[in-house]
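Comments concern the structure below.
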Amino acid sequence: MKTIIRLLAGVVGRAPWAVLLVTLVVTGVLGALATTVETATGQEGFAPDSEEIAASDRIDEYFGDSATQSVVQVLVRSETGDVLTAEAVEAVRQAGEAIADSDAGRYVAVDDEEEPGIVSYLTPVFTAAGQEGIDPAGLDDDAVKELYERALVDADDDLAFTAQLTPDGSGDTPHVGMLLVFVDSSTDIDVQIDRETAVADALADLDGPLELDAFSFGLLFGDEDEFLGEVTELFTLAFAIILGVLLFVYWMKPRGATTRGAAIRRTVADTSVTMLTIVLAVLWMNGIGALLQRVGVLDGFTEVAQIVPILLVGLGVDYGIHLNSRYRDEVGDGQAVRPAMRTAIGTVGVALVLATVTTAVGFLTNIVNPIPALRDFGILAAIGIVVAFVLMLTFVPALRSVLDRRAEAGGRLPVDGMGATRERLLPELVSRTSVLAVRLPIPTIVVCFLLGGLGFVGFTNLSTEFSFTDFLPEDSPVVQTLDTIQDEFAGGFGETTHVLVEDADLASPEVFNALASATEAMADTDDVLTVDTPMGTAAQVASPVSVLREALAPGPDGAPRQPELAEVAVANGYDPETGEFADDADVATVYEAVRDTDADALEAVLAFEDGQPAAALLEVSTQAGEGAAMELRDGLVADLEPVREVGAATAVTSQNIISGAIVEELSASQVISLVITLVTAMLVLMLTFWVENRRPFLGVITMLPVALVVLWTFGLMYLSGIPFGPVTATLTGLAVGIGVPYTIHMARRFEEDRGAYDDIADAIRATTRNTGGALAGSAFTTAAGFGVLVTSTLTPFQQMGQVTAYAIVLSLAGAVLVLPSMLVLWERWHRRHGSQVTEKETLSVV
């Protein structure tokens, strides 16, 4: 470790211009690479390696996008709270015309009577009016309600379905209604989003008394620039706030020969150098990230990874504050620029190496996290911390040395002002906390550990939540529309849950009959949409069974619609009465006959490889939403038991189920991530202190306050109602990243001061005054940087800002309250047992 610091100090001292030139060249290269960084949105990147994800991927491989249409759900709302009115009829009619006349009209079958492109809760009114020769435009409110109720009394299955497009399913004066707009699908996701956006735009251009709000997942995730703009605004705001705070922290007090003008110039210069270095660190980190994407180590930067620059602003500034504070102290004590910088690098630099290693290790423990986005976050954050360290220990000293040597030679270096750092308000206030360590160390530690126990209780009771809308603004109209759909319509009508069936002879009668039994059982499963048929209530499931039965269904006269196909099916063991096959039936021949008549329909639910069925797909229409997705999954798994009994493998998946799987993985990883991070960081510290001064237990002492900080923060999360999620899951690494440098700086400085003072009380006061003051300034700036996240319109960022503020304040408390008490007890024990402060034990300057 000291070898690294000696090398850096030597290079900076002998060749500062070379350091600056190399920094400029590397920045140019990595800055150019940074422009090629790939991003990801939505669930992409958060999906763990799970059965649900694997099934979704295999469905794409087998069937591609088998859907021929996507659904845009449109909410109809009125200020009067009644959408069964003449105004509503006119609004729905205008909506259909607007869509037909728009760019979306080519992709919506508006005039298809057999399969209409628009179905609304008012379809019964239009149907009844047409049957009775009434112009819907001439209806009044009472007539609308009367026609609606009369039309539903003897409605067929298709018309009865429209009653479900009102919240209570009965149509009794509904306060909100729904239109379903079926848009022809495209395999190009961007084209599909454009088509759905055209529908939304056509409705937005309408100027009427009713509110029409469109929703689809394409609309939800269609505008990636909105999120990127949010991150840019937050980074800019954090940068600006920290700039202002740094001016306060770096403010130089005019003293002696240092005039106010010189103090102001120095304050601005030190602030500018630090912030410039942070910008370079962000560029370097993104450039290295782009390289790692090219070699397959990192995936596209998700929303979590894209906030690392904000994190880097907060953590990177900490390095600059400590280095600058120590350098000012040394110059103020009379050293020349070059030896002062060497001393600063040699003392603070050793602590920064240790802080960097432990912080990077803390973040890198995310490599074992099952969530890919968190793995990438850990790697990227570790890269950022290392890069910030390298630049703060090379570029900053080199630039500062070049400028200060020139000022020193000209007699313009504000030596007197630089020596006044210790006399500022923050160091003086923090030094007063040492009274607890000197007079009440044991009570202080006991109280803190009791609070840690309460924090652990809060940690074990934290809820885990994840939603694919987490990283979308709460005030987004599309998000608000989705919330209403989930509240009023139990998830809406665009939800489809897929069941993949593999690893069996799918052309056997046993598998076919098992699929038939499973789909029949689904009719009784909660949140599976059903339809009334002559044979009873049936689940809305598209499957090989439904395709075959529909193809063999009789016409109005009772005769088969496709007599030749029916003859082949019956001849090969199909029973039209039961809709199943005999045990010795030849299902493969029947499938081939269906493919000859309607290949698209069958191949949408039955994938063939080398002429044989390889996988079957069941598309189940559901409305569980996110809240009941996992219960739906469990219900369908139970329904599919007959299929598994005949040897087939089944997997249930959907977007909401994948979200639920992410929640389960996050929950399972909480304790593991916490233990791995803390234990790994502690082992690194123990090894370092053992090598440095043969006192490995000092590593345990240094780490204990950080462990308490993590528990305290979890406790405050519980009290604040903040759940465990993809962003707050980074807390353990973040707390270690903030807390470990704080405690390391205190422990390292105490190791110096205990050799400089005979009295332990004087040593701990000097430590809290000199290093504690710098820590307070660092905490102030870091809290300000992360605090801007609270202003975000994205809930996870708001939570992260709040949680990070907790972690920063508590890290400062752990470093200046808990650690000094432990250090005092530790030093008293050694002195009572006759240990002397030796040159080997004291962490000397490089």
It is to be established whether one or more residues within segment 529-544 are at pLDDT 85 or above, within 22 Å of ALA649 (Cβ to Cβ) and in a helix (DSSP H, G or I).
yes
Looking at this structure, is GLN293 of a type outside the set (A, V, I, L, M, F, W, C), in a helix (DSSP H, G or I) and surrounded by fewer than 21 Cβ atoms within 10 Å (Cβ to Cβ)?
yes
Scan the helices (runs of 4 or more DSSP H) fully inside segment 86-192 and keep the ones with 3 or more residues being at pLDDT 75 or above.
86-101, 123-131, 141-153
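Got a sec? Which of VAL736, VAL727 is open to solvent by less than 10 Å² (accessible area, probe 1.4 Å) and closer than 17 Å to THR358 by Cβ?
Values: VAL727 fails: closer than 17 Å to THR358 by Cβ.
Selected residue: VAL736, the only one of VAL736, VAL727 that is open to solvent by less than 10 Å² (accessible area, probe 1.4 Å) and closer than 17 Å to THR358 by Cβ.
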Quick one: how many residues across segment 757-797 are in a helix (DSSP H, G or I), in contact (Cβ under 8 Å) with a residue 60 or more places away in the chain, β-branched (Val, Ile, Thr) and closer than 24 Å to GLY725 by Cβ?
4
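Okay, residues lined up against (1) touching a residue at least 40 places away in the same chain (Cβ under 8 Å); (2) open to solvent by 20 Å² or more (accessible area, probe 1.4 Å):
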residue	(1), (2)
GLY229	no, yes
ALA238	yes, no
ARG255	yes, yes
GLY261	no, yes
THR271	no, no
TRP284	yes, yes
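Considering each of ALA807, ALA813, ALA761 in turn, give the residue that is open to solvent by less than 10 Å² (accessible area, probe 1.4 Å) and modelled with pLDDT of 80 or more. Even if it seems obvious, please write down each step before you answer.
Values: ALA813 fails: open to solvent by less than 10 Å² (accessible area, probe 1.4 Å); ALA761 fails: open to solvent by less than 10 Å² (accessible area, probe 1.4 Å).
Exactly one of ALA807, ALA813, ALA761 is open to solvent by less than 10 Å² (accessible area, probe 1.4 Å) and modelled with pLDDT of 80 or more, namely ALA807.
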Which of the residues belonging to segment 42-82 are modelled with pLDDT of 85 or more and of a type in the set (A, V, I, L, M)?
ALA55, ILE59, VAL72, VAL74, LEU75, VAL76
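So that you can scan it fast, the table gives a plain yes or no per residue for (1) buried (at least 22 other Cβ atoms within 10 Å of the Cβ); (2) touching a Phe, Trp or Tyr at 6+ places or on another chain (Cβ under 7 Å):
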| site | (1), (2) |
| --- | --- |
| LEU687 | no, no |
| VAL691 | no, no |
| LEU698 | yes, yes |
| LEU704 | no, no |
| LEU719 | no, no |
| ILE722 | yes, no |
| HIS745 | yes, no |
| GLU751 | yes, no |
Consider only pairs whose beta carbons are under 7 Å apart and that are at least six residues apart or on different chains; among these, list those whose first residue lies in segment 545-573 and is within 25 Å of VAL501 (Cα to Cα) and in contact (Cβ under 8 Å) with a residue 40 or more places away in the chain and whose second residue is in a loop (DSSP other than H, G, I, E, B) and not acidic (Asp, Glu).
VAL547/VAL605; ALA551/GLN562; GLY573/ALA582; GLY573/ALA585
Listed by first then second residue, the pairs whose first member lies in segment 599-618 and is over 12 Å from ALA507 (Cβ atoms) and open to solvent by 20 Å² or more (accessible area, probe 1.4 Å), whose partner is modelled with pLDDT under 90 and part of a loop (DSSP other than H, G, I, E, B), with beta carbons under 9 Å and at least 6 positions apart or on separate chains, are ASP600/THR68; GLU603/SER66; ALA604/SER66; ALA604/ALA67; ALA604/THR68
Among the residues of segment 240-253, the number that are open to solvent by 70 Å² or more (accessible area, probe 1.4 Å), among the hydrophobic types (A, V, I, L, M, F, W, C) and not in a helix (DSSP H, G or I) is 1
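Let's see how each residue does on (1) hydroxyl-bearing (Ser, Thr, Tyr); (2) open to solvent by less than 20 Å² (accessible area, probe 1.4 Å); (3) in contact with a Gly (Cβ under 9 Å, 6 or more places away or on another chain):
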residue: LEU506; (1), (2), (3): no, yes, no
residue: LEU515; (1), (2), (3): no, yes, no
residue: ALA518; (1), (2), (3): no, yes, no
residue: ASP526; (1), (2), (3): no, no, yes
residue: VAL531; (1), (2), (3): no, no, no
residue: GLY536; (1), (2), (3): no, no, no
residue: ALA539; (1), (2), (3): no, yes, no
residue: PRO554; (1), (2), (3): no, no, no
residue: ASP557; (1), (2), (3): no, no, no
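In contact (Cβ under 8 Å) with a residue 12 or more places away in the chain and within 29 Å of ASP526 (Cα to Cα): does that describe ALA588?
Working: in contact (Cβ under 8 Å) with a residue 12 or more places away in the chain: yes; within 29 Å of ASP526 (Cα to Cα): no.
So ALA588 fails the test.
The values are calculated or read from the model by the stated rules, or taken from the named source; none is laboratory data. What you see is a predicted model, and the numbers here were worked out from it, not measured in a lab. Cβ coordinates were reconstructed from backbone atoms using ideal geometry, including for glycine residues, and neighbour counts include every protein chain displayed. All accessible areas refer to the heavy atoms of the entire protein, side chains included, with ligands and DNA or RNA removed. Shrake-Rupley method; radii C 1.70, N 1.55, O 1.52, S 1.80 Å.
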